[in-house]
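First the structure, in the form of structure tokens, and then the observations on it.
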Amino acid sequence: MAEVRVSSKNQIVVPREIRDALQIKAGDRILIVPMHDQAAIILRPDSHRMATAGIAAGLYPADYLRKERRSWNKRK
């Protein structure tokens, strides 16, 4: 496990052991995904679109979107 410090500019340095394990090089794009309140996962996906697909699945009740969209139409 590696510990990092957030700089005054809100930047972090990915530790060498993590860069080596994920084969991260300068200029690579990575995703940092928050998990709960105290954890994050660093991903180096081939496709960012595929890596984030379904990330909010199960977050809302089944009929939430339908009700929300209906409320948008009422505001017009």
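The values are calculated or read from the model by the stated rules, or taken from the named source; none is laboratory data. Since the structure is predicted, the reported quantities are computational estimates derived from the model, not experimental observations. Here Cβ is always computed from backbone atoms with ideal geometry, including for glycine, and neighbour counts include all displayed protein chains. Note: areas computed on protein heavy atoms with side chains; ligands, DNA, RNA excluded. Shrake-Rupley method; radii C 1.70, N 1.55, O 1.52, S 1.80 Å.
A few notes on this one:
- Carbon + sulfur, % of accessible area of region 20-71 - ligands and nucleic acids excluded, 1.4 Å: 55 percent
- Each residue was assigned an accessible area with a 1.4 Å probe, and for Leu65 the value is about 90 Å².
- Sequence of Met35, Met50 when ordered by accessible area, the most exposed leading, probe 1.4 angstrom: Met50, Met35
- Degrees between helix 64-74 axis and first principal axis of the chain (Cα, 0 to 90, nearest 10): 60 degrees
- Dipole in debye (nearest 20) - the chain, about Cα centre, beta carbon charges: Lys, Arg +1; Asp, Glu -1: 720 debye
- Solvent exposure of region 1-53, expressed per residue, is 94 Å² of accessible area, with all protein chains present and a 1.4 angstrom probe.
- Computed from label points 7 Å out along Cα-Cβ, the spacing between Asp63 and Met50 is 3.7 nm.
- Net lengthening on full extension, Asp37/Ala2 (0.36 nm per residue, minus Cα-Cα): 10.8 nm
- Only protein heavy atoms count here; under a 1.4 Å probe, Glu17 has an accessible surface of about 110 Å².
- Across the chain, the relative contact order, built from alpha-carbon pairs under 8 Å that are at least six residues apart, equals 14 percent.
- Options [x] 36, 15, 13; [y] 21, 14, 10; [z] 18, 15, 11 - which one matches semi-axes √(5λ) of the Cα gyration tensor in Å as calculated here: [x]
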